[in-house]
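Heads up, the thing below is written out as structure tokens.
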Amino acid sequence: MYAPQIKSVRPLQQSDKPSKFIGDDGKRIDGRSLDEFRSVFMRTGMVKQAKGSAYIELNNTKVICSAYGPRQTNNEFSDKGMLNCDFKIASFASKQRRKKTRDEDKEFSIYMRDALEISVNLDKFPKSVVDVYALVLEDDGSALAAAIMCGSLALADAGIELYDLVGACSAIKVDSHIVIDPSSTEQKYGVGAITCAHMSNLNEITQLTEAGDVEYSTMVEFVNMCVDGCRKMSDKMRQTLATEHLK
Amino acid sequence: MSESDVVTPGTRIGSVDTHISGRGTYTRDGRICASVVGRVVTKDVPNQDKKIIEVESKQETTVPQIGSIVLATVVKTTTQFAKVDITCVEGKALETTFMGMIRQQDVRATEIDKVVIYESFRPGDVVRAVVISLGDSKSYYLSTARNELGVVFGTSMAGQTLVPVSWKEMECPKTHLRELRKVAKTI
């Protein structure tokens, strides 16, 4: 009698979707309130080869960033300098192993450049280019926001002249509540999300991306929450730079 | 010195009514703000009430600018120009080199139509020059049309360091052979 030989089976995959994102006490799964950040850690100047570098942890989201330059370009002549950003997520960054290159990386590189370019005094290095490389070591949500802040810190550490530091913050809608600094679970099951980059001293939004279903009426609330978050992060960035400067 | 003495990019440090914006700062809407991380320093200006306000940072961005004195190594010579690698700007070493070009008409101030590039520079020479223009997409345009500008270091055919003898000749200490250069008057 013929019996099929089964060598292996796929493990049963359970959905990690929690039944409730916001508890009855108004706290999120990890115990945070709606407008509370995860524990933040920032440092600058750990990549010795780079002109400037920075490292940011938003609990489990870990981003390292280094800035090089200004260096010569082979592009056409321009009176202004250029900023070149490269955003990468490591293959081991999330629970599911990533493929080598993804369009998301290219897309996020552009978002990052848009967010940071406005803050850089490009007139100071005509026809040269400054490179910023961001690598996401672990992605537990809000990786783009972390990379933008990390890039801004790296540029400041490299002594590139900036108009202002760029703080960044993500917000997402879960269970009809808007929460900031989402974790990967919240990001996975959230409805609409925005990422906002903001210069706190000049009070200018440098970059705003929106994904998913964000209603026009809630957009203002989204942006206001993000800008408040960006302000908090900018203060933390300033404090970090001052402490590192005295070392 | 405490953390509160350190300013970061975007911090307001003064007003244009009371100060003059210096290095590491920028002005926007009449306010002077820091553009780098560092300590605020004010300097007196002779015959003026306003003080220059600057931010002293640990790292600086140095790129060649119009009027800056640079040190460059000659890479290649043609009949029209000498191609150089700029390695030093205003006494500060660059991390990466920038390409520069000394055109025939910019080698010296007089008799510029009789300049022979190969009798002014040779590949390997270190030249002190001034940036006269940002040039084209590739190179900065440099000039050595001043007494103190020209070759400051060169090696002879025999491999010895050349010793300057006049403004257009250098001598090899070993073979006493004279080679033609646009010599910089260093003293």
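What the table below lists for this structure:
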{"read-out": "Surface share of carbon and sulfur [accessible, 1.4 angstrom probe, percent] for chain A", "value": "48 percent"}
{"read-out": "Selected from A:Asn74, A:Asn224, A:Asn59 as most flexible by GNM, with chain A as the system and alpha-carbon contacts under 10 Å", "value": "A:Asn74"}
{"read-out": "Principal axes of the protein assembly as shown: Cα extent on each, largest first, Å", "value": "95, 85, 39"}
{"read-out": "Estimated FRET transfer efficiency when R0 is 35 angstrom, pair B:Val116-B:Thr96 (beta carbons, to 0.05)", "value": "0.65"}
{"read-out": "Out-of-range pairs (alpha-carbon distance over 27 Å; input A:Lys127/B:Lys58; A:Lys88/B:Lys83; B:Lys43/B:Lys138; B:Lys92/B:Lys174; A:Lys51/A:Lys236)", "value": "A:Lys88/B:Lys83; B:Lys43/B:Lys138; B:Lys92/B:Lys174"}
{"read-out": "A:Ser176-A:Asp123 pseudo-label distance in nm [points 7 Å out on the Cα-to-Cβ vector]", "value": "5.2 nm"}
{"read-out": "Average Cα contact separation per residue, the range B:69-180, under 8 Å, 6 or more apart, as relative contact order %", "value": "22 percent"}
{"read-out": "Summed buried accessible area for A+B [probe radius 1.4 Å, Å², rounded to 100]", "value": "3100 Å²"}
{"read-out": "Members of the range A:44-70 that become less accessible by 30 Å² or more once partner protein chains are added (1.4 angstrom probe, chain alone as reference)", "value": "A:Lys51, A:Pro70"}
{"read-out": "Cα centroid separation, the range A:228-247 to the range B:20-63 (Å)", "value": "21 Å"}
{"read-out": "Within the range A:22-114, GluC sites (Glu not before Pro) in DSSP loop having at most 13 other beta-carbon neighbours inside 10 Å", "value": "A:Glu76"}
{"read-out": "When the range B:69-180 is reduced to its Cα atoms, the Kirkwood hydrodynamic radius in Å", "value": "14.1 Å"}
{"read-out": "Chain A: Rg to Rh, with Rh as the Kirkwood radius over Cα pairs", "value": "1.05"}
{"read-out": "Computed [θ] at 222 nm, helices only, for chain A once each DSSP H run of length n ≥ 4 contributes -39500 (n - 2.57)", "value": "-9000 deg cm²/dmol"}
{"read-out": "For the range B:3-56: span of alpha carbons on each principal axis (Å, largest first)", "value": "33, 22, 16"}
{"read-out": "q = 0.09, 0.10, 0.18 Å⁻¹, the range B:1-145: log10 I(q)/I(0) [Debye, one scatterer per Cα]", "value": "-0.43, -0.51, -0.93"}
{"read-out": "Test item: A:163-169 mean partner chain Cβ contacts at 10 Å", "value": "3"}
{"read-out": "Accessible area, probe 1.4 Å, largest first, for residues A:Phe41, B:Phe98, A:Phe108", "value": "A:Phe41, A:Phe108, B:Phe98"}
{"read-out": "Heavy-atom surface of chain A, accessible at 1.4 Å and reported per residue (Å²)", "value": "51 Å²"}
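The values are calculated or read from the model by the stated rules, or taken from the named source; none is laboratory data. If you're wondering where the values come from, they're calculated on a predicted model, not measured in any experiment. Virtual Cβ from ideal backbone geometry, glycine too; neighbours counted across all protein chains shown. To get the accessible areas, we keep the full protein, side chains included, count just its heavy atoms, and leave off ligands, DNA and RNA. Shrake-Rupley method; radii C 1.70, N 1.55, O 1.52, S 1.80 Å.
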